[in-house]
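Visitor: My structure is below; once you've seen it, I'll send some questions.
All of the numbers you see were taken from the coordinates with simple rules; none came from a lab. From a predicted model like this one, the values you see are computed outputs, not experimental measurements. For neighbour counting, all protein chains shown are included, and Cβ atoms are generated from backbone atoms with ideal geometry for every residue, glycine included.
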Amino acid sequence: MDGESATNTDPTARWSLVVPLKPLRLAKSRLAGAAGDALRPRLALAFAQDTVAAALASPAVRDVVVVTDDPTASAELAGLGARIVPDSPAGGLNAALAHGARAVRAVRPQAAVAALNADLPALRPAELARVLSAADAFPRAFLTDAAEIGTTLLTAAPGAELNPAFGGPSRHRHLSSGAVEIVLTGVDSVRRDVDTGDDLRAAAALGLGPYTARRYAPYGPLPAAWPAGRTAGTGGLRGPARDRYAAVMQATSYTYDSETRAGSVLLDDGTPVEFDAAAFDAGGLRLLRPGQRVRIETEGEGASLRITLVTLQTL
């Protein structure tokens, strides 16, 4: 799939994102103790799906390139709208990121490029947009992880080389390389990468994306309580937060399964809400891609609120 265009692009957006992903059988080895070897690779894929879907739904993101040799991940992430580039250097994380950046600029030489971790299952499009907007001011910039040791995002403006130095204490390495640290509050979802069971519990406290929530659900309760106003599984809201959303509103398509005709949208505050096949059919659509603006209609209130129609938003 190298060289193919992404199926979901926004030519008015600035940033092309590069997301690296190991073969799933090798990914997230530190999660094995908490999740077991059977669930670990499935969670790694779910993390990447939530990361890519949220990135493609961000208004700052033009397209997403995923560098991976894993055939399952390639198929699933291409289905979300990512461009898949094989990891032909096979030289580790930073070689893969540099390769992905070159692939972006082979098509758009003046592209603004950002490297983004693949393990951000709570990622919110609006928070990612805020970070990328802050990065606009610098030739190179980065966001440190929640532990303030590593890096979850590294950016390079047009004409600047990415020069990634991810892995371990990468915050110090990126600072030493001249990249500017982005300091923002309210962007926890962009900083919360997941390597351990404790990390997963922290991500769950922020609100997991639908792929990770569904993947974990059959194995037991979520590893932490969802924040007030959110619920996993069927995707609604609870309590006063849910009452605010009723009747007709706009949202952004987040996920869609063409076989079941069900999926989810992101409300403009970043909250994911699922819809079923009946709501999709009511909108008269044949297909829905992540990142598309949609109009949704709802009925009920409180715990009974549900999406009854989803269709494309038109001017």
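Visitor: How much FRET efficiency would the formula 1/(1 + (r/R0)^6) give for Ala95 and Thr72, where r is the Cβ-Cβ distance and R0 is 22 Å, rounded to 0.05?
Guide: So the FRET efficiency works out to roughly 0.50.
Visitor: While we're here: Work out the FRET efficiency for Ala277 and Ala38 from their Cβ-Cβ distance, taking R0 = 35 Å, and round it to the nearest 0.05. If you can, show how the numbers build up before the last one.
Guide: Values: r = 30 Å, r/R0 = 0.85.
About 0.75, to the nearest 0.05.
Visitor: Further question on the same structure: So how much slack lies between Glu297 and Ser176, counting 0.36 nm per residue of separation and subtracting their Cα-Cα distance, in nm?
Guide: Gain on stretching Glu297 to Ser176: 38.5 nm.
Visitor: What do you get when you divide the Cα radius of gyration of segment 8-149 by 2.2 N^0.38 Å, with N the number of residues? Kindly include the intermediate steps, with their values, before the conclusion.
Guide: On the way: Rg = 14.6 Å, N = 142, 2.2 N^0.38 = 14.5 Å.
Output field value: 1.01.
Visitor: Now for a separate question. What's the percent breakdown of Cα-Cα distances in segment 85-176 across 5 Å bins, shortest bin first?
Guide: That works out to 3, 13, 23, 25, 23, 11, 2, 0, in percent per bin.
Visitor: Considering every pair of different Cα atoms, what Kirkwood radius, in Å, is found for segment 136-198?
Guide: 12.0 Å
Visitor: State, to one decimal in nm, how far the label point of Ser29 lies from the label point of Arg108, with both points 7 Å from Cα in the Cβ direction.
Guide: About 3.6 nm separates the two model spin labels.
Visitor: May I ask you to evaluate 6.51 cos²θ - 1.76 cosθ + 1.60, the Karplus curve with θ = phi - 60°, for each residue of segment 71-82 and list the ³J(HN,Hα) values in order in whole Hz, giving x for glycine and proline?
Guide: x, 5, 4, 4, 5, 5, 7, 5, x, 7, x, 7
Visitor: For Ala112, which sequence-distant residues (separation of 5 or more, or a different chain) have an amide H within less than 5 Å of its own amide H, given hydrogens modelled in the peptide plane?
Guide: Placed amide hydrogens put Ser16 under 5 Å from Ala112.
Visitor: Ranked highest first by average number of other Cβ atoms within 10 Å, how do 23-31, 250-258, 49-57 line up? Could the numbers behind the result be given before it?
Guide: On the way: 23-31: 17.1, 250-258: 20.9, 49-57: 29.3.
Averaged packing, sorted descending, gives the order 49-57, 250-258, 23-31.
Visitor: Going by the alpha-carbon gyration tensor, a ≥ b ≥ c the square roots of its eigenvalues, is segment 108-147 rounded (a/c under 1.5) or, if a/c is not under 1.5, prolate (a/b greater than b/c) versus oblate?
Guide: prolate
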